[in-house]
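> The structure that follows is given in the form of structure tokens.
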Amino acid sequence: MDERIVKTLEFIDRDLGSDLSLSALAGQVKLSPCYFAHLFKRQVATSVEAYVRGRRIHKAQQLLQESSLSIKELVVLVGFSTPEYFSRVFARRLGQSPTAFRMRTRNTEPNR
């Protein structure tokens with residue numbers, strides 16, 4: 001895999017709460033946004049936006065299971081613009097609200 005894409009993937013996972021727009025990420029590796037988007041999709045098999053959204057949802061799932069952060073606090077950490085938008089994206093992806101997910105996963109884990 002191209003080292004610029006590897007660097008981008010590491011940056012995304014390290015700092016989900018930062019500006020992870022196409023232009024910001026392209027700037028990190030000193031590529032034009034157009035070429036960066038093309039290279040990213042060819043190497044990762046999805047768009048930058050879809051990848052970032054997926055990583056943010058994945059991290060949110062972990063935080064919902066492992067922490068007692070409020071939804072508002074969690075939204076800031078994973079980089080969504082508003083709790084409402086986060087809840088819509090989360091529900092569309094997982095078929096349930098973040099609160100329902102937290103309750104279900106905490107109720108099914110042993111020793112809780």
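Read-outs throughout are calculated quantities, based only on the coordinates presented, and are distinct from any laboratory measurement. Just so it is clear, the structure is predicted and the values come from calculations on it, not from any experiment. For neighbour counting, all protein chains shown are included, and Cβ atoms are generated from backbone atoms with ideal geometry for every residue, glycine included.
> About its Cα centre, how strong a charge dipole does the chain have in debye, to the nearest 20, once Lys and Arg get +1 and Asp and Glu get -1 at the Cβ?
The calculation lands at about 320 debye.
> Work out how far the C-alpha atoms of the stretch 1-98 reach from end to end along every principal axis, then list the three figures in whole Å, largest first.
Cα extents, longest axis first: 38, 22, 21 Å.
> May I ask you to derive the relative contact order of the chain, considering only C-alpha pairs under 8 Å and at least 6 residues apart, and to give it as an integer percent?
This gives 22 percent for the chain.
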